[in-house]
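Take a look at the structure below.
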Amino acid sequence: MLTVKKLALSTLISSSLLFYPALQASAETPQHVVKQPAGGYSVQVGDVLVTSFTDGTVAQDLHKLLRRTTGEKTDALLAKNFQTNPAEVSINAFLIAMPGHKILVDTGSGQLFGPGNGGRLIESLATQGIKPEDITEVLLTHAHSDHAGGLVKDGKVVFSNARVYVGKPDVDFFFNEDNQKKTGYDQNYFDVAQKTLKPYLDAGKVVPFSGTSEILPGLTGTVHPGHTPGSAFYTLESKGEKITFIGDVIHVAAVQFPQPEVTIAYDQDQDSAARVREQAFADFVKNRDLVAAPHLPFPGIGYVTKGEKGGYAWVPVTYTNRDASSAK
């Protein structure tokens, strides 16, 4: 097990797959990278308010990360979306406000990616008067650094009053070092999962689940192995309306919507990850489901639709800014 200092260094080194200096971006399409104000964006789902909070963005070298495609195909799809490689990718977390509960879906990257790369969730929550101790439940879509990293700060629990729900297969997988040797999955993933979850496990605050499990009335978690063994969707239903928090089913909208067969280096099981994405997209189109995704452009809430030439496309939720309760 790495020390905290070595783990932080290992995380940054391993994340060389993830981060790519913005100065290397092509000058053909300006990327307009600026630091935005922290904060959130809310939608109403039945009686429940759901708010997307930004943890920041990171640059990703898709030529190194994406699988089952080529750099040329990736660049062509990025160009259609006025993007270049490396691409800027959001880290979003979501708050579900229910009576007596403030439920956080994922926690961002915390300190794990270093200054200037994510780690802004607590700052964003504060813009709406929410403190870490106000969170009653944390729902992890999986135990990777940009989802579980915010659980701890300087090795200590951040959400002191929260129970942490996570797919049991992630706990079983990442807390058994033999699985690293068997699968060859990067050691950093195991180190991060143990670093972030162990303080909550020691405190008896981790609630692992398998299959489909009710978290609270109207809120369920379902394990969808692929990206990690315990990757989970969380579905909220209220007054006939529904939203599904899909975790890392997709990282790069410009590429993986039109070509859902494209996988990413972070997928523990590439074949299963591709199958889960294809099935999920088909279901979302059929059911016209509202979905929330951590790596689509902030706020990461919208709909999946069929693409004009095959594949799929993303329709962001319509921006609203008025008090509907007082409208006549």
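The values are calculated or read from the model by the stated rules, or taken from the named source; none is laboratory data. Keep in mind that what you see is a predicted model, and the values were worked out from it rather than measured. All Cβ positions, glycine included, derive from the backbone under ideal geometry; neighbour counts span all protein chains shown. Quick note on the areas: whole protein, heavy atoms, side chains included, nothing else; ligands and nucleic acids left out. Shrake-Rupley method; radii C 1.70, N 1.55, O 1.52, S 1.80 Å.
So which of Ala87, Ala76 ends up being within 24 Å of Gln270 (Cα to Cα) and in contact with a helix residue (DSSP H, G or I) (Cβ under 8 Å, 6 or more places away or on another chain)?
The unique qualifying residue is Ala87.
hydroxyl-bearing (Ser, Thr, Tyr) and farther than 26 Å from Ala292 by Cα: is that true of Thr136 in this structure?
Taking the combined requirement at face value, the residue does not satisfy it.
Being farther than 16 Å from Tyr165 by Cβ and free of Cβ contacts under 8 Å to residues at least 60 places away in the same chain: is that true of Asp202 here?
yes
Restricting to the stretch 120-158, give me the number of residues that are buried (at least 24 other Cβ atoms within 10 Å of the Cβ) and over 17 Å from the mean Cα position of the chain (by Cα).
Total satisfying the criteria: 0.
If Asn85 passes every condition in (1) within 27 Å of Ala313 (Cβ to Cβ); (2) open to solvent by less than 10 Å² (accessible area, probe 1.4 Å) but one, which one does it miss?
So the condition that Asn85 fails would be (2).
Select, from Thr235, Thr244, Thr196, Thr220, the only residue that is in a strand (DSSP E or B), crowded, with 18+ Cβ neighbours inside 10 Å and out of contact with any Asp or Glu (no Cβ under 8 Å at 6 or more places or on another chain).
Residue meeting the stated conditions: Thr235.
Could you tell me which residue of the stretch 98-115 is nearest to Tyr41 (Cα to Cα), considering only residues that are in contact (Cβ under 8 Å) with a residue 40 or more places away in the chain and open to solvent by 40 Å² or more (accessible area, probe 1.4 Å)?
His101
Say whether the condition of being within 25 Å of Leu219 (Cα to Cα), in a loop (DSSP other than H, G, I, E, B) and either hydrophobic (A, V, I, L, M, F, W, C) or open to solvent by less than 20 Å² (accessible area, probe 1.4 Å) (or both) is met by at least one residue in the stretch 251-263.
yes
In the stretch 166-182, is there at least one residue being open to solvent by less than 10 Å² (accessible area, probe 1.4 Å) and not in a helix (DSSP H, G or I)?
Yes: the stretch 166-182 contains one or more residues that are open to solvent by less than 10 Å² (accessible area, probe 1.4 Å) and not in a helix (DSSP H, G or I).
One residue is enough: does the stretch 2-19 have a residue meeting the conditions surrounded by fewer than 21 Cβ atoms within 10 Å (Cβ to Cβ), at pLDDT below 95 and in contact with a strand residue (DSSP E or B) (Cβ under 7 Å, 6 or more places away or on another chain)?
Within the stretch 2-19, one or more residues are surrounded by fewer than 21 Cβ atoms within 10 Å (Cβ to Cβ), at pLDDT below 95 and in contact with a strand residue (DSSP E or B) (Cβ under 7 Å, 6 or more places away or on another chain).
Open to solvent by 10 Å² or more (accessible area, probe 1.4 Å) and closer than 26 Å to Asp55 by Cα: does that describe Gln268?
So Gln268 passes the test.
For the stretch 307-316, indicate whether the set of residues that are open to solvent by 80 Å² or more (accessible area, probe 1.4 Å) and modelled with pLDDT under 95 is non-empty.
Checked the stretch 307-316: at least one residue is open to solvent by 80 Å² or more (accessible area, probe 1.4 Å) and modelled with pLDDT under 95.
Please work out if Leu66 is modelled with pLDDT of 95 or more, over 23 Å from Val45 (Cα atoms) and either among the charged types (D, E, K, R) or open to solvent by less than 30 Å² (accessible area, probe 1.4 Å) (or both).
yes
Would you check which residues across the stretch 292-306 are touching a residue at least 40 places away in the same chain (Cβ under 8 Å) and open to solvent by 20 Å² or more (accessible area, probe 1.4 Å) and list them?
If the condition is that a residue be touching a residue at least 40 places away in the same chain (Cβ under 8 Å) and open to solvent by 20 Å² or more (accessible area, probe 1.4 Å), then Pro297, Phe298, Pro299 are the ones that fit.
Has the stretch 38-47 got at least one residue that is outside any loop (DSSP other than H, G, I, E, B), touching a Phe, Trp or Tyr at 6+ places or on another chain (Cβ under 6 Å) and under 27 Å from Thr244 (Cα atoms)?
The answer is yes, given that some residue of the stretch 38-47 is outside any loop (DSSP other than H, G, I, E, B), touching a Phe, Trp or Tyr at 6+ places or on another chain (Cβ under 6 Å) and under 27 Å from Thr244 (Cα atoms).
Applying the selection to the stretch 93-116, what residues are in contact with a helix residue (DSSP H, G or I) (Cβ under 9 Å, 6 or more places away or on another chain) and within 17 Å of Gly39 (Cα to Cα)?
Ala93, Leu95, Lys102, Leu104, Val105, Asp106, Thr107, Gly108, Ser109, Gly110
Using the structure shown, decide if Ala93 is among the aliphatic types (A, V, I, L, M), within 24 Å of Thr220 (Cβ to Cβ) and touching a Phe, Trp or Tyr at 6+ places or on another chain (Cβ under 7 Å).
yes
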